[in-house]
Amino acid sequence: LVEESYARIEEVDGEVQAFLTLDEENARAAARELDEAGDKGASLFGLPIGIKDNIVTKGLRTTAASQILSNLDDPLYDATVVRKLQKEKAVTIGKLNMDEFAMGSSNENSSFQATRNPWNTDHVPGGSSGGSAAAVAAGEVPFSLGTDTGGSIRQPASYCGVVGLKPTYGRVSRFGLIAFASSLDQIGPITRSVEDNAYVLETIAGHDEMDSTSANVEVPAYTEALTGNISDLKIAVPKEYFQEGVNEEVKASVRQALRKYEELGAEWEEVSLPHSKYALSTYYLIASSEASANLARFDGVRYGRRSENAETMIDMFKNSRSEGFGDEVKRRIMLGTFALSSGYYDAYYKKAQQVRTLIKNDFDKIFEEYDVVIGPTAPTPAFKVGEQMENPLTMYANDILTIPVNLAGVPGISIPCGFSEKGLPIGLQIIGKHFDESTVYRAAHAFE
Ligand code: GLN
């Protein structure tokens with residue numbers, strides 16, 4: 001399998017450009033060792049996996065697609081998720097491209113390369129986990145890990161026609177994840193099927209004493225939830241998810257999916273998430289504020305590549321950051337620093353936190369009556385490379401349907417539900433209650 005994976009990468013990655021770093025020697029050695037030892041019941045025995053490049057891998061280059069980390073060739077430890085995958089005998093094939101520090105929706109913010117959508121290479125794969133979604137869609141690896149702060153697993157999964165889950169906040173340890181916005185970030189699996197996804201989540205989920213925000217909640221056997229029976233399922237469909245800005249082909253595809261749910265015996269009703277119109281602005285205040293604090297450590301001294309063009313200490317800090325960060329990252333740091341500064345904190349950051357609670361309450365209320373919320377994952381299918389780079393606000397709008405889920409901390413999955421006229425995949429988003437990934441998987445699996 002490892003050989004097949006590298007052969008496929010050799011064949012297609014010149015065009016797709018999903019991988020930033022390959023780990024051929026170590027992966028082959030690990031595979032040989034597994035062959036000799038034999039399968040002793042590990043759930044991911046010998047399966048090749050690709051890891052998003054903001055997840056730390058011991059001894060394997062980890063850059064978060066940023067120039068400031070381009071010299072981090074030899075990290076000292078493995079992220080908890082990587083350790084857990086190794087325990088189940090998955091084999092790391094390499095590291096996957098992303099938008100720099102996970103800021104973006106197209107992979108065009110990577111400081112190394114722009115990954116292409118395998119369905120049509122004139123189009124973006126989505127982001128920020130675009131490399132992770134494209135690698136799975138192109139058959140380079142059977143599964144990968146991505147991260148999702150505002151949609152970065154679900155939106156690229158939707159654009160690339162694969163399955164991507166953002167777990168409940170706290171379900172998966174963030175130890176070893178290079179932080180973007182700590183109160184929103186979650187690591188999750190990107191796979192070809194819902195069943196594969198459930199296997200991977202089962203492996204990586206659970207409490208970790210190295211991450212104080214990881215929850216001490218039992219991890220169920222997710223694969224056992226895939227019964228095919230959803231006759232008791234009550235689905236809420238938010239009317240805000242079909243409003244202007246959502247493309248007609250996407251709406252039609254999701255309505256078709258709802259008809260299939262009816263045929264399978266589930267019931268659905270239209271509901272309202274009244275505060276979702278504030279989600280985008282709330283997210284960009286909170287995420288940027290947290291990013292400005294998290295990225296302060298990359299100063300060329302504690303972390304990050306140091307500028308060679310500096311004579312004074314202050315210039316060394318300034319130049320290391322000016323040279324090391326790309327435009328989008330700088331934009332977020334400035335926005336976040338502004339929102340947190342005295343005199344503006346109450347008007348922006350604090351207000352955003354209050355609105356975040358309203359958005360969470362909207363979901364809590366719906367979940368008193370319904371099991372899942374269903375709508376589109378993204379307002380459009382994959383757009384063309386270069387098309388949205390001019391205007392950051394247009395780019396931010398891609399996440400309008402995924403962001404509320406991160407703000408509320410609930411789990412959400414994207415599964416393929418059709419194609420646009422141009423042959424690009426469309427994704428269906430299924431959102432569940434806190435720590436109820438099982439029902440999300442059950443609903444997703446029955447549709448598949
Ligand atoms: N596209 C969003 C952003 O740029 C979401 C990113 C993410 O989920 N990591 O912030």
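The values are calculated or read from the model by the stated rules, or taken from the named source; none is laboratory data. The structure presented is a predicted model; accordingly, all values stated were derived computationally and were not measured. Because the Cβ atoms are built from the backbone with ideal geometry, glycine has one as well, and the counts that use them run over all protein chains shown.
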> For the stretch 317-343, which residues satisfy the criterion of being touching a helix residue (DSSP H, G or I) at 6+ places or on another chain (Cβ under 6 Å), of a type outside the set (D, E, K, R) and more than 16 Å from Tyr303 (Cβ to Cβ)?
Replying inline: Gly326, Leu335, Gly336, Thr337, Ala339, Leu340
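Within the stretch 410-435, which residues are over 18 Å from Pro118 (Cα atoms) and more than 16 Å from the ligand (Cβ to nearest atom)?
From the stretch 410-435, those over 18 Å from Pro118 (Cα atoms) are 410-413, 428-435; that's our starting set.
Leu428, Ile430, Gly432, Lys433, His434, Phe435 - these are the residues of the stretch 410-435 that are over 18 Å from Pro118 (Cα atoms) and more than 16 Å from the ligand (Cβ to nearest atom).
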> Going through the stretch 21-56 one residue at a time, which ones are surrounded by fewer than 22 Cβ atoms within 10 Å (Cβ to Cβ), within 27 Å of Thr149 (Cα to Cα) and polar (S, T, N, Q)?
Replying inline: Thr21
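Take Leu264 and decide whether it is closer than 30 Å to Gly375 by Cα, surrounded by fewer than 16 Cβ atoms within 10 Å (Cβ to Cβ) and at pLDDT 95 or above. Working first, answer last.
Values: closer than 30 Å to Gly375 by Cα: yes; surrounded by fewer than 16 Cβ atoms within 10 Å (Cβ to Cβ): yes; at pLDDT 95 or above: yes.
So Leu264 passes the test.
Residue by residue through the stretch 134-153, note down the ones that are out of contact with any Cys (no Cβ under 6 Å at 6 or more places or on another chain) and either among the charged types (D, E, K, R) or away from the ligand (no atom under 16 Å from the Cβ) (or both). Spell out how you get there, then give the answer.
Of all residues in the stretch 134-153, those out of contact with any Cys (no Cβ under 6 Å at 6 or more places or on another chain) come to 135-136, 138-153.
Result: Ala135, Val136, Ala138, Gly139, Glu140, Val141, Pro142, Phe143, Asp148.
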> Quick check, is Ser212 part of a loop (DSSP other than H, G, I, E, B) and among the polar types (S, T, N, Q)?
Replying inline: yes
>> What are the pairs with Cβ atoms under 6 angstrom where one residue, in the stretch 295-312, is on the phi < 0 side of the Ramachandran plot and the other, located anywhere, is part of a strand (DSSP E or B)? Sequence gap at least six, or different chains.
In response: Arg297/Tyr303
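Which one of these is touching a helix residue (DSSP H, G or I) at 6+ places or on another chain (Cβ under 8 Å) and either modelled with pLDDT under 95 or within 16 Å of the ligand (Cβ to nearest atom) (or both): Leu201, Leu233, Leu184?
On the way: Leu201 fails: either modelled with pLDDT under 95 or within 16 Å of the ligand (Cβ to nearest atom) (or both); Leu233 fails: either modelled with pLDDT under 95 or within 16 Å of the ligand (Cβ to nearest atom) (or both).
The conditions single out Leu184.
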>> Anything in the stretch 119-134 that is assigned to a loop (DSSP other than H, G, I, E, B) and surrounded by 24 or more Cβ atoms within 10 Å (Cβ to Cβ)? List them, or say none.
In response: Val124, Pro125, Gly126, Gly127, Ser128, Ser129
> Where residues in the stretch 148-200 are touching a Phe, Trp or Tyr at 6+ places or on another chain (Cβ under 7 Å) and assigned to a strand (DSSP E or B), which of them is surrounded by the fewest Cβ atoms within 10 Å (Cβ to Cβ)?
Replying inline: Thr191
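Pick from the stretch 163-181 the residues that are among the small types (Gly, Ala, Ser) and more than 14 Å from the ligand (Cβ to nearest atom): which of them is farthest from Val81 (Cα to Cα)?
Step one: of the stretch 163-181, the residues among the small types (Gly, Ala, Ser) are 164, 170, 173, 176, 179, 181.
Still in the list and also more than 14 Å from the ligand (Cβ to nearest atom): 170, 173, 176.
Details: Gly170: 13, Ser173: 7, Gly176: 8 Å.
Only one residue tops the list, namely Gly170.
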> For Met389, which of the numbered conditions (1) assigned to a helix (DSSP H, G or I); (2) within 14 Å of the ligand (Cβ to nearest atom) fails to hold?
Replying inline: (1)
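How do the helices (runs of 4 or more DSSP H) wholly within the stretch 280-382 filter down when requiring 2 or more residues that are touching an Asp or Glu at 6+ places or on another chain (Cβ under 8 Å), closer than 21 Å to Ser105 by Cα and within 14 Å of the ligand (Cβ to nearest atom): which remain?
Working: elements: 313-324, 327-340, 351-369.
Answer list for the stretch 280-382: 327-340.
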>> So in the stretch 395-409, with the set limited to residues that are assigned to a helix (DSSP H, G or I) and in contact with a Lys or Arg (Cβ under 8 Å, 6 or more places away or on another chain), which one is nearest to the ligand (Cβ to nearest atom)?
In response: Asn406
> How many residues are under 19 Å from Ser253 (Cβ atoms), part of a loop (DSSP other than H, G, I, E, B) and at pLDDT 95 or above if we restrict to the stretch 415-448?
Replying inline: 5
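Residues of the stretch 233-251 being free of Cβ contacts under 8 Å to residues at least 24 places away in the same chain and of a type outside the set (S, T, N, Q), which ones? Give the steps one after another, and end with the answer.
From the stretch 233-251, those free of Cβ contacts under 8 Å to residues at least 24 places away in the same chain are 243-244, 248; that's our starting set.
Once the filter is applied, which keeps residues that are free of Cβ contacts under 8 Å to residues at least 24 places away in the same chain and of a type outside the set (S, T, N, Q), the stretch 233-251 yields Glu244, Glu248.
Is at least one residue of the stretch 93-102 away from the ligand (no atom under 15 Å from the Cβ), in contact (Cβ under 8 Å) with a residue 40 or more places away in the chain and outside any strand (DSSP E or B)?
Pass one, the stretch 93-102, residues away from the ligand (no atom under 15 Å from the Cβ): 93-95.
Okay, now just the ones that are also in contact (Cβ under 8 Å) with a residue 40 or more places away in the chain, so 93-95.
After this cut, where a residue has to be outside any strand (DSSP E or B) as well, the list is none.
The answer is no, given that none of the residues of the stretch 93-102 is away from the ligand (no atom under 15 Å from the Cβ), in contact (Cβ under 8 Å) with a residue 40 or more places away in the chain and outside any strand (DSSP E or B).
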>> So Met389 passes all but one of these: (1) more than 26 Å from Thr191 (Cβ to Cβ); (2) at pLDDT 95 or above. Which condition number does it fail?
In response: (2)
> In the stretch 76-96, what count of residues is obtained for those that are surrounded by fewer than 17 Cβ atoms within 10 Å (Cβ to Cβ) and touching a Gly at 6+ places or on another chain (Cβ under 7 Å)?
Replying inline: 1
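Return the residue satisfying two criteria in turn: it lies in the stretch 135-147 and is among the hydrophobic types (A, V, I, L, M, F, W, C) and assigned to a loop (DSSP other than H, G, I, E, B), and of such residues it is surrounded by the fewest Cβ atoms within 10 Å (Cβ to Cβ). Please lay out each step first, then the result.
Let us first name the residues in the stretch 135-147 that are among the hydrophobic types (A, V, I, L, M, F, W, C), namely 135-138, 141, 143, 145.
Among the residues that remain, those that are also assigned to a loop (DSSP other than H, G, I, E, B) are: 138, 141.
On the way: Ala138: 24, Val141: 31.
Looking at the filtered set, the residue picked out is Ala138.
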> How many residues, within the stretch 208-256, are surrounded by 17 or more Cβ atoms within 10 Å (Cβ to Cβ), under 22 Å from the mean Cα position of the chain (by Cα) and polar (S, T, N, Q)?
Replying inline: 2
> Out of all the residues in the stretch 387-409, which are β-branched (Val, Ile, Thr) and closer than 14 Å to Tyr278 by Cβ?
Replying inline: Ile400, Ile403
>> Filter the stretch 60-87 down to the residues that are farther than 23 Å from Asp185 by Cβ and touching a residue at least 24 places away in the same chain (Cβ under 8 Å) and list them by number.
In response: Asn71
